[in-house]
Amino acid sequence: MKNVKITRTPALTAVGATAVLALTACSGSEGFDFTEHLAEAPASIEFSVPADLAELNENYLDNRFYDAITLTAVESEDPSMCAVEYRYDFAKEGLDRLLEIAENSEDVRDGEYTLEEQMGFLLTHVKTSAERTTVEEGYGSAVVDVDCASSPRDDDSTVRVSLAYHNQEEDTRSSIASAEVSVMRGAGKDGELYIHEFKTPGWQVDSNGNWIAD
């Protein structure tokens, strides 16, 4: 994870990041609620947990890190690669929860990784030297390079979006919903995002549209 780079933005503090996101939260993003695949391939997708699913998991509701995560196809500095930008709409005290988990991780305690590197992994799920990650100071956003997909069905290289929370019952970081997303160069300026797989561990939607235990 030594490849994680922190972009220094002195004016943007951990508290300020959330305020900025509230003002710039991706207008024009396609919403995804983990119930069915999108009909189109947008350049930007906002991932959020449906309110009725969230209410079924009090642990998630009280200890979530994010209200939403927006993924947007962006231009990579490497012309041979594609890239995505994550923007994090942190829940109240969500960033503090995530920082606490990073600080108490074995890798950080043992000095194997810095706090910034561990946060880069928790935010983007990238922990390999094959991919480059740039994390904004204050953790409001991150950019990850990824191999471009050759077709809408190409899922050989994807990025992961996970709406996670601090599972206090097991004292671990758990995910209530996650998705694997590939990036393809678009016909125009913007890229195209394709959701290949999405999961809601322990929950499913019945034929009437209700969330029930899986």
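The values are calculated or read from the model by the stated rules, or taken from the named source; none is laboratory data. No experiment lies behind these values; they were computed from the predicted model shown. A quick note on method: Cβ atoms are made from the backbone with ideal geometry, for glycine too, and the neighbour counts reach across all protein chains shown. We work out accessible area using only protein heavy atoms, side chains counted, and drop any ligands, DNA or RNA first. Shrake-Rupley method; radii C 1.70, N 1.55, O 1.52, S 1.80 Å.
Distance distribution note for region 22-131: the fraction of Cα pairs above 19 angstrom is 58%. Accessible area per residue was computed with a 1.4 Å probe on protein heavy atoms; Arg173 scores about 80 Å².
When Lys and Arg each count +1 and Asp and Glu each count -1, what net charge do the other residues less than 14 Å away from Asn167, Cβ to Cβ, add up to? My count for the surroundings of Asn167 gives -3. In the context of the full set of protein chains, residues of region 115-214 present 49 Å² of accessible surface per residue (probe radius 1.4 Å, heavy atoms only).
Among Thr134, Thr124, Thr35, the order of accessible area from largest down is Thr35, Thr134, Thr124, computed with a 1.4 Å probe on protein heavy atoms. When the solvent-accessible area of region 54-163 is split by element, carbon and sulfur atoms take up 39 percent of it, the probe being 1.4 Å.
Considering only protein heavy atoms, what is the solvent-accessible area of His37 at a probe of 1.4 Å, reported in Å² to the nearest 10? About 100 Å², rounded to the nearest 10.
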